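The values are calculated or read from the model by the stated rules, or taken from the named source; none is laboratory data. Here the structure is a predicted model, which is why all the values come from computation and not from measurement. Note: ideal-geometry Cβ built from the backbone for every residue, glycine included; neighbour counts use all protein chains shown.
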Amino acid sequence: MQHLMQGLMIYYGLLNGLTFFVFGWDKQMARAGRWRVAEKRLYLLGALGGWVGGFLAMTVFKHKRRKASFLWRFVGLAFGHFMIGMSGWFVYVSCFSQDF
């Protein structure tokens, strides 16, 4: 179990760092009037678990906060990811933990 938790912490740490970086990169490209990161890629990063980094980047870089359609979809992805994670935790605890 400890290896699983360590692996998940590394996965989510790296993914959220990458998501934060990609949002920042997209903001810089928007300011420069250059090539942008596709919204579907930003959604994908959030859906894979990088939603914390995405929300942090939206706050720090003030990016994608005014576009309501993007924001609501991203919130939905974050909520969905959170609920799947909580469901997985509940199943694990119910099936494998005797202390619950």
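Worth pointing out:
- Single residue of the range 63-73 satisfying the filter (exposed (fewer than 11 other Cβ atoms within 10 Å of the Cβ) and outside any loop (DSSP other than H, G, I, E, B)) that is nearest to the chain's Cα centre (by Cα): TRP72
- The test for being β-branched (Val, Ile, Thr), in contact with an Asp or Glu (Cβ under 7 Å, 6 or more places away or on another chain) and on the phi < 0 side of the Ramachandran plot does not hold for VAL52.
- Criterion applied to GLY76, GLY80, GLY85 was being out of contact with any helix residue (DSSP H, G or I) (no Cβ under 6 Å at 6 or more places or on another chain), in a helix (DSSP H, G or I) and modelled with pLDDT under 90, and the one residue passing it is GLY85.
- Some residue of the range 46-61 being aromatic (Phe, Trp, Tyr) and outside any helix (DSSP H, G or I): no
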